[in-house]
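A short worksheet on the structure shown next.
The values are calculated or read from the model by the stated rules, or taken from the named source; none is laboratory data. Since the structure is predicted, the reported quantities are computational estimates derived from the model, not experimental observations. A quick note on method: Cβ atoms are made from the backbone with ideal geometry, for glycine too, and the neighbour counts reach across all protein chains shown. All accessible areas refer to the heavy atoms of the entire protein, side chains included, with ligands and DNA or RNA removed. Shrake-Rupley method; radii C 1.70, N 1.55, O 1.52, S 1.80 Å.
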Amino acid sequence: ANAYISGPWPRVLRYAMKKGIVVAGSINIDMVFSLPRLPLQGETVSGGSFAAHPGGKGANQAVAAARLGAPTVFLGCVGEDSWGDFLLAGLQQAGVDCSYVTKVPGPSGCAGIYVAAGGENMIAVATGANSHTTPEKVIRAREVFSTARVLMTQLEIPVETVAAALELAKSAGLISILDPAPVKALTPEMLSLVDYITPNALEASELTGIDVHCWNTADQAARKLRSMGPETVIITMGKQGAFFSGPQGHVRILAPRVVAVDSTAAGDAFNAALAVALAQGTEPDIAADIAAAAGALAVSRAGAQPSLPTLEELAQVVKLPW
């Protein structure tokens, strides 16, 4: 059982109609190198394998939400290169609404991912078409915010676009989830628009100046982050689980034990499951438990989007209240 530090947790309103997810974010082609170990600076490590998969934090979260049964709309850009159609097909195959995905001149976003035998990874990203995901493109899609319940966004698109999406979500009454990756400096005005912020331990350390390495330091960082604007903070901590801090209390969320294969999309699976659970009206502590289970399932399989669990798979490892 997870350790409750304080409580109790109140019931939340259950929304019968508005259960959809809007994702404003990035879409990349993931060039994945599976290696015996990660290379050191200046070192070449051979003996690995290679695969190309559709990815990008925004697209991963959209695919994950759709696989979990939520009506999902993606707002973003792909390039007019050979990868553009491939990336769109990955979204559409998962059931994501791509009506607001724009093709722009130039290359699509690309990520170079190195994965070690134990599941650890290193990632480098070339922004490509994602830099064309402007506030104007988000504003033109304002109608989808009126029919959704949750916004998910990240920082692989311009920060001003993220801010525009958060403003639309706030005005439309959506729950907003910000995955602050890759970590960047964020203004108090922008943070005040965020309902849930979900950094990993490294990102929480950079945002707060507190070295997050245990439950106590996670608690300190979460409290500081909440003082900066977001109502609820969830710091993901790998195999330890996550630390949840909100108005209702502070909870250690313990992750299910799995054999780690590739941690690339674990955070994306976590965020998507959190979004879907909250859209269903699930109470925050239970939503975080469900999210941790989804993240663990993603770690147990290779690739980004190929590792994202379906609703049926998630239901086999955690009880779903809907």
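At a glance:
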item: So Arg149, is it among the basic types (Lys, Arg) and touching a Gly at 6+ places or on another chain (Cβ under 8 Å); result: yes
item: Total residues in segment 128-162, condition open to solvent by 10 Å² or more (accessible area, probe 1.4 Å) and free of Cβ contacts under 8 Å to residues at least 60 places away in the same chain; result: 13
item: Residue match in segment 105-121 (condition: in contact with a Phe, Trp or Tyr (Cβ under 7 Å, 6 or more places away or on another chain) and farther than 30 Å from Leu202 by Cα); result: no
item: Enumeration of residues in segment 243-268 that are touching a helix residue (DSSP H, G or I) at 6+ places or on another chain (Cβ under 6 Å), part of a strand (DSSP E or B) and of a type in the set (A, V, I, L, M, F, W, C); result: Phe243, Phe244, Val251, Ile253
item: Checklist (1) surrounded by fewer than 20 Cβ atoms within 10 Å (Cβ to Cβ); (2) modelled with pLDDT of 95 or more; (3) part of a loop (DSSP other than H, G, I, E, B) applied to Pro182, failing item; result: (2)
item: For Ala70: the one exception among (1) touching a residue at least 40 places away in the same chain (Cβ under 8 Å); (2) open to solvent by less than 70 Å² (accessible area, probe 1.4 Å); (3) part of a loop (DSSP other than H, G, I, E, B); (4) over 17 Å from Leu308 (Cβ atoms); result: (4)
item: From the options Ala296, Ala302, residue that is under 19 Å from Asn121 (Cα atoms), hydrophobic (A, V, I, L, M, F, W, C) and open to solvent by 20 Å² or more (accessible area, probe 1.4 Å); result: Ala302
item: Looking only at segment 242-269, and only at residues there that are open to solvent by 10 Å² or more (accessible area, probe 1.4 Å) and within 18 Å of the chain's Cα centre (by Cα), the one that is nearest to Thr198 (Cα to Cα); result: Gly267
item: Top-ranked residue in segment 222-241 [being open to solvent by 10 Å² or more (accessible area, probe 1.4 Å), modelled with pLDDT of 95 or more and part of a loop (DSSP other than H, G, I, E, B); ranked as farthest from Ile175 (Cα to Cα)]; result: Met228
item: Test: residue in segment 18-37 that is part of a loop (DSSP other than H, G, I, E, B), of a type in the set (D, E, K, R) and within 24 Å of Leu314 (Cβ to Cβ); result: yes
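Here is a yes/no grid of residues against (1) in a strand (DSSP E or B); (2) at pLDDT 95 or above; (3) closer than 30 Å to Asp289 by Cβ:
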{"position": "Ala1", "(1), (2), (3)": "no, no, yes"}
{"position": "Leu13", "(1), (2), (3)": "no, no, yes"}
{"position": "Gln41", "(1), (2), (3)": "no, no, no"}
{"position": "Ala62", "(1), (2), (3)": "no, yes, yes"}
{"position": "Ala89", "(1), (2), (3)": "no, no, no"}
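Yes/no per residue for (1) surrounded by fewer than 18 Cβ atoms within 10 Å (Cβ to Cβ); (2) part of a loop (DSSP other than H, G, I, E, B); (3) basic (Lys, Arg):
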site: Ser46; (1), (2), (3): yes, yes, no
site: Pro54; (1), (2), (3): no, no, no
site: Cys77; (1), (2), (3): no, no, no
site: Asp81; (1), (2), (3): no, yes, no
site: Gly95; (1), (2), (3): yes, yes, no
